[in-house]
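Contents: one structure, followed by commentary.
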Amino acid sequence: CPLYVHVDDGVDSLSCAECVLSFDSTVVLLVSARKGPLFNEALFPVFFVPDAPSADTISVAACVLGYRSYIIPPGSLFEITFEALALGATDIGIERISVLDIDRNQLDENIGQPGRIIVTTQTGGTVPPVEGGRLSNYPNPFNPATTIVLELPAGSGDGRSTEIDIYDTAGRTVRRLFSGAAPAGRSEIHWDGTSDAGSAVSSGLYMAVSRTGPLRLERKLVLIR
């Protein structure tokens, strides 16, 4: 299972980045940490250091070397791969992240919801319901399509009316992706990156919002064309 740490096009320039992730080492094993395309395709030498200070933590850092040398986002900073060890679920959460611009000034970070890895032998049906509910997607960033995963808790009741909408950064509805009865547990809905009118939407940040009764869940989506 690869996990991608991504920076969007709201950043003008980037020279260095460091990210610390935590996970449940009884469920997954850290296999590797590599530079993402942003650093791999840099026109300057790059300093890259992955470190695993503990069994349940990974720290990765990269920096473009040279005076005022930098790369231009958007793109992936790091690619970190995990291997399943046992049945169960673990959140892969960012504990700390630091991103520097061309002048080595620290930029504001936005740490979103942790990603979840579910290890199961189940080949059909639904994954057991998640307490509290969760909205996620894969891949993210994506091009041209992504799969949105809705996980509803058992208390939401099978067949309860659910709506999933996609919004742009101005809060306008881009696409009514789903409207109907959704069961407790896991459901997957495909979005092909088009609007309600059927036209392809542009690159950028979007928000998926699901509503099931009083339960509202949100997920940021990054489309790169």
Amide hydrogen neighbours beyond the local backbone of Gly193, cut-off 5 Å, H modeled: Thr146
Per the rule of 0.36 nm per residue minus the C-alpha distance, extending Val11 to Ser69 adds in nm 19.4 nm
Over all Cα pairs of the chain, the Kirkwood radius sets Rh, and Rg/Rh then becomes 0.99
Report, by chain and number, residues whose modeled amide H sits under 5 Å from the one on Gly36, excluding near sequence neighbours (fewer than 5 apart, same chain). Phe78, Glu79
If each DSSP helix of 4+ residues adds -39,500 (n - 2.57) and the sum is divided by the residues in the chain, what number results at 222 nm, nearest 500 deg cm²/dmol? -500 deg cm²/dmol
Run the simple label-point estimate for Ile224 and Arg34 please: 7 Å along Cα→C-beta, distance reported in nm. 1.4
If R0 = 41 Å, then Leu87 and Phe44, at their Cβ-Cβ distance, give a FRET efficiency to the nearest 0.05 of 0.40
Scattering from the C-alpha atoms of segment 1-93 alone, worked out with Debye: what is log10 I(q)/I(0) at q = 0.14, 0.22 1/Å? -0.52, -1.03
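No lab work stands behind these numbers, since they all come straight from the coordinates. Keep in mind that this is a model prediction, so the values were computed, not measured. For neighbour counting, all protein chains shown are included, and Cβ atoms are generated from backbone atoms with ideal geometry for every residue, glycine included.
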